[in-house]
Amino acid sequence: MAQRTSKRSRKSARKSPRSGSRSGAAQMVFGQRNYVLLLGSIGLIALGYILMAVDNARGVDAQGVHLSLDSTLSLVIAPLLLLAGYLGLVGAILWRPKEAATAEPEAAT
């Protein structure tokens, strides 16, 4: 086997991602608005499923027909709440706040 002729250190020439300058504080991926939208969307989804389950659990009448088969709550309101909740989740994930750096370009003097 051939041996190396030059003695290089085993450290890589590239800087590791950890070796960069850090301000000490960890930067969060989402902002406050993202978390508010996320929690509101989860609440809408939970409310939609609860309304759908509660409305369908009413039982049957004297003739054996389910009471909630033609209910507006389970056919219209709950699915709209679910749709709004899932769209809100997508919006909460994709929302990116405007950066302060794009406020005003400096004038050359």
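See the values below:
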| read-out | value |
| --- | --- |
| Residues satisfying the stated conditions in the stretch 54-64, i.e. surrounded by fewer than 16 Cβ atoms within 10 Å (Cβ to Cβ) and either under 26 Å from A92 (Cα atoms) or of a type outside the set (G, A, S) (or both) | V54, R58, V60, D61, Q63 |
| Whichever residue in the stretch 18-39 is at pLDDT below 70 and polar (S, T, N, Q) and, among such residues, is surrounded by the fewest Cβ atoms within 10 Å (Cβ to Cβ) | S21 |
| Only one of I77, I42 that is surrounded by 11 or more Cβ atoms within 10 Å (Cβ to Cβ), modelled with pLDDT of 90 or more and either more than 23 Å from the chain's Cα centre (by Cα) or among the hydroxyl-bearing types (S, T, Y) (or both) | I77 |
| L69 being assigned to a helix (DSSP H, G or I) and modelled with pLDDT under 95 | no |
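The values are calculated or read from the model by the stated rules, or taken from the named source; none is laboratory data. Since the model is a prediction, treat every value here as computed from it, not as a measurement. Heads up, the Cβs are rebuilt from the backbone with ideal geometry, glycines too, and the neighbour counts pull from every protein chain shown.
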